[in-house]
Amino acid sequence: MLTQQEQVKFTVISQALQGKITNGKAAVILGISPRQVKRLKKKVRHEKEYGVIHGLKGEISNHHLDSSLKQEAIEHIREEYIGFKPLFASEKLEERYGIKLNPQTTRRWMIKEGLWRERKQKKVIYRSWRPRKEYFGELQQFDGSYHYWLEDRYCETNGDPIELCLLASIDDATGIITHAVFTKNEGVRAVFQFWLSYIQKHGKPLAIYLDKFSTYKLNHKGAVDNSELMTQFGRAMKDLSILLITANSPQAKGRIERLFQTLQDRLVKELKLVKINTPKAAQVFLDTVFIPAFNKKFSVIPVKEENVHQPLSETETQQLDRIFSIQSQRKVNNDFTIQFKNHWYQLTELQPTTIRPRETIIVEQWLDGTVHLNKQGHYLNYVLLLKRPEKAKTNPPILTTHPLNWVPPSNHPWRKYAKTKH
């Protein structure tokens, strides 16, 4: 079976073969050279979908070293070369025992065996101007901005103005605001809702550029879920084959930073002129009036006019709820209960797959608020318990697809085998 990445590659190459897209566009989408696209087209033309599968898939690498060689080298280092640097140890292994190894290979082995401590070099910060991407949809810069967007027209019951978070994405090639949403915070749910609506509107961008650390947001009173945002968001984007690029500084994604400076000046004043005082009305004004006018005035013509947003595959469309869910791992207790956020879930007797105690499952919190228990693609049946269950005295060995007192019919292979044996 093709992996998700291989399916994407086969779809793009097929479009190139049919003349729907150029070799250059296919190369940008797949992140390879036009020459490699031509080679893949030739393979797919003769081998169909098998042409996108690497020839060494499932095989041992051509550069694989024998495990006995590794064991011999490690034993010599442990006995004779403790404290030697990897380069010096490699030289001595070749000089005295004829074991020729790349120093980097020796270094990796020594680190893994605890014979060498990895030392991280201090990074030199260097920044340079980066040209715009060539295609619309090739890169989206994304961030959130906390601000008093409605000033004192939207306040708490005590009269204090309420700070809202504006999530926005801007296309790197054109400078177009592709999507913007007012939210209460920049948490996982808000970000998932943002990108779900974005993908349903535009399709999948090839890459997203966003903050790596979000330092100032971690200390902001309205910020939530920042500790798990990158983990959950990174996993979702990987499932959709969208490259996630994290910026080490605000300057690295200057286009979205400058956008918020402009919006905090212009958008605030525009909302004041039309006397909008609720987030809902502000969102309607943003979508229907401000963004179209802004894009018309400030957008630029891209180097290449093609749109490289990719549509969702049939599999991805069916799994959107799973992809844009907050996922956590939990263990199945001996009484087939699962504890999650002060709630207890009892697995029922009949399940779509075999369940054993102490197995790990994935708890998915969908955006609609429902909880789903997933084991290797199978959603388990459960009931929500009103209180913590008492400790079970006896436990059934497993849960499976039929009742525990199930009796096999006379023509079942078990019975046939028993008759043959007698």
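The values are calculated or read from the model by the stated rules, or taken from the named source; none is laboratory data. Small disclaimer: the values here were computed from a predicted structure and weren't measured. Methodologically, a virtual Cβ is constructed for each residue, glycine included, from the backbone with ideal geometry; neighbour enumeration extends over all protein chains shown.
The conditions of being of a type in the set (S, T, N, Q) and in contact with a Gly (Cβ under 9 Å, 6 or more places away or on another chain) are met by Gln310.
Any residue in the range 405-417 that is in contact with a Leu (Cβ under 6 Å, 6 or more places away or on another chain) and either at pLDDT below 90 or not assigned by TED's automatic domain parsing to the domain that holds Ser241 (or both)? Give the steps one after another, and end with the answer.
From the range 405-417, those in contact with a Leu (Cβ under 6 Å, 6 or more places away or on another chain) are none; that's our starting set.
No, that holds for no residue.
Out of Lys297, Lys331, Lys275, Lys238, report the one residue that is basic (Lys, Arg) and either buried (at least 16 other Cβ atoms within 10 Å of the Cβ) or under 30 Å from Gln5 (Cβ atoms) (or both). Exactly one of Lys297, Lys331, Lys275, Lys238 is basic (Lys, Arg) and either buried (at least 16 other Cβ atoms within 10 Å of the Cβ) or under 30 Å from Gln5 (Cβ atoms) (or both), namely Lys238. Applying the selection to the range 324-350, what residues are in a strand (DSSP E or B) and either at positive phi or of a type in the set (Ser, Thr, Tyr) (or both)? Those that are in a strand (DSSP E or B) and either at positive phi or of a type in the set (Ser, Thr, Tyr) (or both): Ser328, Thr337, Tyr345.
Selection within the range 198-225: residues that are over 28 Å from Phe290 (Cβ atoms) and assigned to a helix (DSSP H, G or I). The member of this set that is modelled with the lowest pLDDT is Thr215.
No other residue among Thr262, Thr315 is of a type in the set (Ser, Thr, Tyr) and more than 30 Å from Ala16 (Cα to Cα) apart from Thr262. Ile177 satisfies every condition listed in (1) touching a Lys or Arg at 6+ places or on another chain (Cβ under 8 Å); (2) modelled with pLDDT of 95 or more except (1).
Go through Val308, Val303, Val289, Val268 for me and flag whichever is free of Cβ contacts under 8 Å to residues at least 24 places away in the same chain and not acidic (Asp, Glu). Walk me through how you get there before you give the answer.
Values: Val308 fails: free of Cβ contacts under 8 Å to residues at least 24 places away in the same chain; Val303 fails: free of Cβ contacts under 8 Å to residues at least 24 places away in the same chain; Val268 fails: free of Cβ contacts under 8 Å to residues at least 24 places away in the same chain.
It is Val289.
What do you reckon, is Phe324 out of contact with any Gly (no Cβ under 8 Å at 6 or more places or on another chain), under 30 Å from Phe260 (Cα atoms) and of a type in the set (Phe, Trp, Tyr)? Judged against the criteria, Phe324 is a match.
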